[in-house]
Amino acid sequence: MESRLKLLGALALAASGAVHASDAASLEALEQRLSRLESQGQEYTPSASDWTDRVTINGFITYGLTRHDVHQKQGALSPGANPDEGERFTYLERVTDEVSHRELSRAGIQFNAEVNDKTSVVVQMLARGRDNYDAEVQWAYVDYELLPSLKWRGGRLMLPNSMHSQYYNVGYAYHWAALPSEVYDIVPFDTMDGMDLTWSFNTGSLSHELSAFYGSLDVPDNTLPVTVIYQGRDYGGINLRSRWGDLSTYLSYSHAKLTADLSGMDAVVPLPPGLSFASASIDDASISGTSVGFTYDNGKFMLMAERSDLDPKAWFPYRWGGYVSTGYRFGKWMPHVTWGATNSSDISQVLNNATPVDDELARSNMIRSKSWTWGVRYELASGIDLKVEAQRFYDLSNDKYERTQSNLNGMFTSSRSALPLEDDHPTVYRIAVDAVF
């Protein structure tokens, strides 16, 4: 009886004063709710261990500094052709030649709650420095064990379309200060609302996790004068992770329908008569992607490689990217080197069959780049590291890009009218401290 009175008091307090002694109907409803809980064997007990034994909390944090060495200002092919004329070149639309304390910095906290022997709930909050540390729900899902080897999850999940996507924001989980942009900038978003089904099984000495997933996503593009929402519907696919001793592999395929309304651009970006951004809007365009990779890590020597691509059936150019990375651990030190490359396909079909607005968007989104990254990771203590690296880019364009008047500056601008970089070997520097707890 005492526990019943305590629960009634807690429920009444949670109702923020909406229940009073004279409100018999509300009290009766609370009594009925309590009776239902008690009938299921879930009577409230005030013991602190009732939740502390079932809930675990962990988190991660990264503080980083980054900048590039391009001190040149953007130009224009013709007067007024580049709205960013006179502005700094920006790597990935955010990093400039001034030191940024926010681009790499982020913090996350994760709550794991065991509901019963087969069910758990996971919620992760993430705050990025580049988003002014506004916290958002990154993960929020129910995990249910259908069979000992078969699990279902539903809610907000990480996109399972790359080898490192499941711990994309946990810097301590990988050796770079930032994941290779040649692969991880191809799909510039990381969560979906949906579900997946994962089967764990063995074939001889190999262990596998085969996952099928389905959901949707809304991705805001804030790099334009107005925010454009790219909607991905019927997003589904499959991936396979396998492990044999020190070797692990990854395979993935995904497909979705893409929609984007660009008509809002017409109100802020004037175009010649007869042209409009609305004509370049995307309506249920098919888009698919693949990824393949492997990692060999024996505790000392590490070698990994990954290749991904994205094939949109719209004015977006087809794009692929990949990298090869190796490193060696000497005690607490791990020097490493990575070669990466990305390239967009020929857009002649778009240029021959689309509108002038489609042409402009396609040429601006053409990306070509190669890079070498040299870095070192140092384990300051258990659960905390220090990383320093430099990524030097080259081969940002070729005859095809010049012939089609496409973007000639790789990931350092999205404007094809900015004029080429005077130094076509720009470098991005990064320093980061990562911790997990």
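The values are calculated or read from the model by the stated rules, or taken from the named source; none is laboratory data. Note that the structure is predicted; figures quoted are calculated from it, not measured. Neighbour counts run over all protein chains shown; Cβ positions are idealised from the backbone, glycine included. Note: areas computed on protein heavy atoms with side chains; ligands, DNA, RNA excluded. Shrake-Rupley method; radii C 1.70, N 1.55, O 1.52, S 1.80 Å.
Ignoring aspartates and glutamates fewer than eight residues from K332 along the same chain, the ones with Cα atoms less than 19 angstrom from its Cα are D297, E379, D385, E389, D434. As a fraction of the 1.4 Å probe accessible area of the chain, surface on carbon and sulfur atoms comes out at 57 percent.
Expressed as a whole number of Å, what is the distance separating the alpha-carbon centroids of the range 139-160 and the range 300-339? Here the two parts' Cα centres lie 27 Å apart. Under 17 Å of direct C-alpha separation, and excluding same-chain neighbours fewer than eight residues apart, K400 reaches these lysines: K370. Applying 1/(1 + (r/R0)^6) with R0 = 45 Å to the Cβ-Cβ distance of A76 and V388, what FRET efficiency is obtained, to the nearest 0.05? After rounding, the FRET efficiency stands at 0.80.
Close amide H contacts of D69 (hydrogens built in the peptide plane, cut-off under 5 Å, sequence separation of 5 or more or a different chain): T427.
For W176, the amide hydrogen comes within under 5 Å of no other amide hydrogen, counting only partners 5 or more places away or on other chains and with H modelled in the peptide plane. In order along the range 183-197, the phi-based Karplus estimate (6.51 cos²θ - 1.76 cosθ + 1.60, θ = phi - 60°) of 3J(HN,Hα) comes to 9, 8, 9, 5, 10, x, 8, 9, 10, 9, 9, x, 8, 9, 10 Hz; Gly and Pro are listed as x.
Residues whose amide H lies under 5 Å from that of T191, counting only those 5 or more places away or on a different chain, are L159; hydrogens are built 1.01 Å from N in the peptide plane. Within the shell of other residues whose beta carbon sits under 11 angstrom from the beta carbon of M302, the net charge comes to +1, with Lys and Arg scored +1 and Asp and Glu -1. For the chain, a crude dipole built from +1 on the beta carbon of Lys and Arg and -1 on the beta carbon of Asp and Glu, taken about the Cα centre, is about 940 debye to the nearest 20.
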